[in-house]
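Note sheet for the following structure.
Every number in this text was worked out from the coordinates using simple rules, so none of it is lab data. Remember, predicted model here, so these are calculated numbers, not experimental data. Here the Cβ positions follow ideal geometry from the backbone for every residue, glycine too, while neighbour counts run over all protein chains shown.
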Amino acid sequence: MSEVRWLNAEEQEIWRIYMTACNELSAHLDRQLRRDSGMPVAYYEILVCLSEAPGRSMRMSRLAELCRSSPSRLSHAVAALEKAGWVSRCLSETDRRGWVAQLTDAGFAALENAAPGHVTAVREHLFDVLSPGQLEALREISQAIFEGLDKAGRTPGPS
């Protein structure tokens, strides 16, 4: 094993502020959605993915990939969304082996209700605090990180 390339003081500072900012923004968005819409950000993400899929439905395995979730964790989340009446599940009609999750009309309405507050929070705490140049830099930095993870064999995300 090669020698560890430890972070210097400046790199440690950058790493810590980056992680703190990402974690705090994620936690803030989760609190906002729970408070205003009664759902965690993970459920919101599932509803968004389904709302954008043809027929508002998707194989559970693909949904897990897009939500960067294990099949087990996604199944638990979808069960909770089923209980709320926002999602339904059925066997795939094409091969009868896999399960398909489908966004219900009530789920779409819940998403429509949650979206304005969520988008407002994202705008206020990300886009409004950065200049156009910083936003472009953020895009480039995020893309570089994403591509580096892709080369390392990360789980497929949004296409």
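Here are the numbers for the structure shown:
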read-out	value
Gain upon complete extension [residue 108, residue 80; 0.36 nm per residue less C-alpha separation]	8.5 nm
Separation in nanometres of the label points that stand 7 Å from Cα toward Cβ, at residue 135 and residue 4	4.0
Mean separation of Cα contacts under 8 Å, 6 or more apart, over the residue count of the chain: relative contact order %	23
Value of [θ]222 nm, deg cm²/dmol, for the chain, DSSP H segments ≥ 4, -39500 (n - 2.57) each, nearest 500	-21000 deg cm²/dmol
DSSP loop GluC sites (Glu not before Pro) with at most 14 other Cβ within 10 Å: longest gap in the chain	4-92
